[in-house]
Every structure is written in C-alpha cells, then in structure tokens.
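Structure, as structure tokens:
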Amino acid sequence: MTRTRKAEETVGSVRLPAVVWLVSLGIFLLGTSEFMLAGLLPQMAADLDVGLPQAGLLVSAFALGMVVGAPTMTVVTMRLPRRTTLVVALVVFAISHVIAAVTSDFPLLLVVRVTAAFATGAYWAVGAVVVTQAVPRTHQAKALGVLVGGLTVANVAGVPLGSYAGSQLGWRGPFWALAGLSLALAVAVSLQVPQQSEKTSPSLGDEVRALRRPRLWAVYATAAFAQGAVFAAFNYVSPLLTERSGLPEAVVPAVLIGFGIGAFVGTVLGGQFGDARPTATPLTAITVTVAVLALLGFGPGTPWLVVPLVVVLGTSAFVVAPVLTSQALHLAGQAPTLASSLSVSAFNVGNMIGPLLGGLALSTGLGVRGPAVAGTALAAAALAIVAATALSRRGAAEDTGAR
C-alpha cells in the first residue's frame, strides 16, 4: 500500500473532536450576520430613511472590516490566550448586534458593522488555529473543512433565514437573535475550548518572521485570485440567468441555493482530500473553476448548461478554502496566528475585488457575460500561481534527490 493511500485512509477515518464543531458553530453565527443583510437591506433602508445603495455600504463596510480587522486584532490580542480571544470576539460581536438592534442612526450602524467585522476577523483567525491544533497535522484540512462548512451553511441559510425572520420580527429581530446566540456560544467556548499554555504562545516577532516565506505569499495570492474569480461571476449571476438564459426570476433563488449546496460539498471534498493531496486538490479545483467560468462567459446560454455550471462553480470554488488555509498554517510553523489572519484577509480581498471587476465587466460590451469573463481571467491567474508553485517544489525535490 502506498504512502498516499495510507494517508487517505487515515484522513477519511478520523473522528474530529467536539471543539472543532463548537468553534465552527461560531463561524456559522458570524457568517449568518454577514449574509443575512442581503435579505434585510430593503427593510433597513426604509426604516433608516436611506437609499438602497447607501444601505448597501453596510455590506461593503463589513468586508473591509474583515480585511483590516483580522490581522489588526490578531496583533492586538497576541498576548491573550486563544480561548480568551474567542470569547472576547463573541462578546464584542454580541454587543455590536445589540447596538445595531436599538439604533436608528445610520452612521452608528455603519460603525458597529465594522466593529462586528473586526470581531469576526479575530474569531476566524484564532478559530482556524484552535481547530487545526486540536487534530494531528494529517487531519488539519478536514478540520478546516468543517470550519469553512459553517460559513457555507450560513451562505445557504443566512439570506432566507434573515428574510423570514425580518418579515416576522422586523429587521432588528435577527440582530437580537444573533446577539443572544453568540453570548450563549461564548459561555460554551469558555467551558469547552482548552486553555493555551504560556509555553506555546509565540511572540509577535516569531509571527512576523513566519511571514518571510515566499510560498506563504503565493498561497495568499492564490486565495485572493481564486475567491475573486468566483464572486466576480456569482455576484452578477442573477442577470446571467434571467437575461441570457431566459429563466424566470422566481427560479433564481433555487439556483442560488444550488450554488450554496455545491459550496458545502466543496468544503467537504477539500477537507477530505486536502491533507493527502495538498497540491493536486487546489490545482484540480481551480482548473475546474477556470473551465466553468469560461463556459459561462463564452459558451451557450441554455439553462440546461448554465444551471449545472453554477452548482459546479460552488463546489470547485469552496474546495480551495480549507486546503489553502491549511497550507498557510503549515508554512507558518509554530507561529500560525498572524498567518491565519492574513489568510482571512486574502479571501476577503477576493470578496472585494471580484465584485468590483465583475461590475466593471458588466458595463462593457460583454454585458451579462462580462462578470464570468472577468472571473475566468482571475481564476487563470490563481491557476498560474498554483502551477508555478507546484513546479518549483518539484524542481527543488529533484535537486535534493540528485544530491
């Protein structure tokens, strides 16, 4: 039996500890807060007496807060035990949602959304370290697949849950619910997550020195380009489905749910195969993403082709996240927290640049095909980085063997 086969069997049979599922529940709650706004913005705009585009700034502010907040809060909380950081992040998240639920001042709401994003970034970065250190090295991608799975479930459920709760309770109701649930989770985390010993706490200098590895920055660039590719197309998939494929608007939500289900499957596959095949897994997934986006941009717009492609896009896109995050933590060695936070930032940079470039492409002569074409270019850039990294590692291994 080959070593790879043994690794695959070991990875497939592992039983993850409860702390992985507990921390991942927090990602579900924090992710729901991010995604549910899509279903609440019309209510919020009307209640706060602002235009819908201005209300949309609440979404952009959260994404920007994640990019800046993850590394910033990692540095600020560096000397705190990781369990304490998780609890503090959940408490700050809860307080920000209480303020959001009671205020009618839009600028204040904007501030507390950024605050919630900072807390989310800190939780993401430290949570990724906690779940990977709770399992052996050969099971880290699987643990991270569960963590990212919390986000994909939030993606699938966040918008419909937010819309339904908003219709029943008003837009403030979901904010109250998330505040209460995150406080309850903070108590559970304080009781169940093991405390970090002082001996295992790396210094800020150790964390910064870990960032000197060029391969680490290649992982970050891959994450940003791959994420940007998907969301360049996905953010504008509705007009692609209705205007190009001729689907009725009532069908679009079902297709979006299909994307979310595909994304969940992708995180499972990434976690399942990422440990045994850390190079082949993202290389294959990003190759599929390039092909899917190219077909969406240049292929026929018939519904029987476009709808399955959107679902496959969700799968191939979300295979990448747990594998790249695991690689970043592995490359950082014994000082993984800042590396983890920059991984969070890299994916959120993609969340920002992708829709921006997709929107620009939409306004060109390509029309509704433009976002998919822009996504193809971004995915091709990610693929080039992964392929170049794989070739350089292979060359280095051959040189070592020749000696």
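The values are calculated or read from the model by the stated rules, or taken from the named source; none is laboratory data. Only a predicted model underlies this, so the values are computations on that prediction, with no experimental measurement involved. As a convention, Cβ positions derive from the backbone with ideal geometry for all residues, glycine included, and neighbour counts pool all protein chains shown.
Here are a few things to note about the model shown:
- Qualifying positions in region 77-98 - part of a helix (DSSP H, G or I) and over 12 Å from residue 26 (Cα atoms): 82, 83, 84, 85, 88, 92, 95, 96, 97, 98
- Among residues of region 38-62 being at pLDDT below 80 and in a helix (DSSP H, G or I), the one that is surrounded by the fewest Cβ atoms within 10 Å (Cβ to Cβ) is 53.
- Close Cβ contacts (under 6 Å, 6 or more residues apart or on different chains) running from residues in region 288-300 that are in contact (Cβ under 8 Å) with a residue 24 or more places away in the chain to residues that are hydroxyl-bearing (Ser, Thr, Tyr) and in a helix (DSSP H, G or I) comprise 288/316; 289/316; 293/376; 294/376; 297/376.
- Any hit, region 145-153, residues being free of Cβ contacts under 8 Å to residues at least 24 places away in the same chain, surrounded by fewer than 24 Cβ atoms within 10 Å (Cβ to Cβ) and within 29 Å of residue 262 (Cβ to Cβ): no
- Look at region 95-115: where a residue is touching a residue at least 40 places away in the same chain (Cβ under 8 Å) and a partner is part of a loop (DSSP other than H, G, I, E, B), sitting 6+ places away or on another chain with Cβ atoms under 8 Å, you get 106/50; 109/103.
- Residue match in region 241-255 (condition: basic (Lys, Arg), assigned to a helix (DSSP H, G or I) and surrounded by fewer than 23 Cβ atoms within 10 Å (Cβ to Cβ)): yes
- Matching option when the condition is within 23 Å of residue 186 (Cα to Cα) and in contact with a Pro (Cβ under 8 Å, 6 or more places away or on another chain), among 116, 89, 134, 70: 134
- The set of residues in region 64-114 that are of a type in the set (S, T, N, Q), under 24 Å from residue 352 (Cα atoms) and surrounded by 21 or more Cβ atoms within 10 Å (Cβ to Cβ) comprises 74, 96.
- Test: residue 113 is in the same structural domain as residue 26 (by TED's automatic domain parsing), modelled with pLDDT of 85 or more and more than 23 Å from residue 271 (Cα to Cα): yes
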